[in-house]
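Remarks on the structure that follows.
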Amino acid sequence: MGNDSKDKSWLVIVIGARKRYGTFRIARKTLILLSVCLIATIITVIACSCWLSSRSCTVSNNNLTGELATARQSIDCINREKRELLSEAENLRAELETFHKKHGLLSTVEKKDELTSGSDSGGNETHEEPFVSLEQIQIKCEESDKTIKVRFIIKNEDPEGDYVSGYAFISLNPTPDGSGQYKVYPEAPLVNGTPETYKLGEYFYMARFKHMEAVFTSINDRNRYDSISIMVYASDGVLRIKRDLTL
């Protein structure tokens, strides 16, 4: 390879093992132009790759967003249909109970759950047939924020493992001197210490268990209250459990 400084070019001689293939003269301007073209090509390829990658991510994100919106709509639709089916099941069950009573028959539920439960002075629960049980009862009094919290688990005790349903109330009971007022969760008017309408309670429909919590606020003087009552009604309105717990 020769170098002609005057013309600012290079002479390239290609020689093989047996013969000379030829000579080529490369000007400096040509070399610079080729280098610029190569760099421009590399930059163009990188830019195109980045653009295609970002576009692919954008399309993928748009697809995922659309699928997520569709999934949320499906979940909302399923939840709405579930509530409607539960309501229809309750109506059908009520109609079936009415039909059986009208014709002097006992329904399957009445054969299984026929009884009422009560509570003794120590708050012990009694019932003839399994329905539900109350587990892990916790009562916490917070003097700082003047609240009383009650937590427990309603556990399914059906021997066949069927779904059970009903309504639950928690009441905060005043002392016998009457200085306090009854507080009920969920809110419901009381008649002789029990809710006037059982359907105002917190509804449950479960195969295994359900967590329940009540928070009674604005308890300025806790000494005005001496006990907590937990009442569980079957779906036909029969009071199945009434447990009294001393604060």
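No value in this document is a laboratory result; all are computed from the given coordinates. On a predicted model such as this, the values are computed, not experimentally measured, just so you know. As a convention, Cβ positions derive from the backbone with ideal geometry for all residues, glycine included, and neighbour counts pool all protein chains shown.
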Ratio of Rg to Rh over segment 205-247 (Cα coordinates, Kirkwood Rh, two decimals): 1.07
The long-range amide H neighbours of Asp226, using H built 1.01 Å from N in the peptide plane and a cut-off of under 5 Å, are Asn173, Thr175
Measuring from centroid to centroid over Cα atoms, what is the spacing of segment 213-247 and segment 55-77 in Å? 46
Run the quick spin-label model on Lys146 and Lys19: label points 7 Å from Cα toward the beta carbon, then report their separation in nm to one decimal. 11.1
Cut-off 12 Å, label 7 Å out along Cα→Cβ of Glu84, residues of segment 184-203 by amide N: none
Spin-label point model (7 Å from Cα, Cβ direction): what's the Asn220 to Asn192 distance in nm? 3.3
With r defined as the distance between the Cβ atoms of Ser49 and Leu92 and R0 fixed at 41 Å, what FRET efficiency is calculated, to the nearest 0.05? 0.05
Sequence ranges 192-201, 221-230, ranked by mean other-Cβ count within 10 angstrom, highest first: 221-230, 192-201
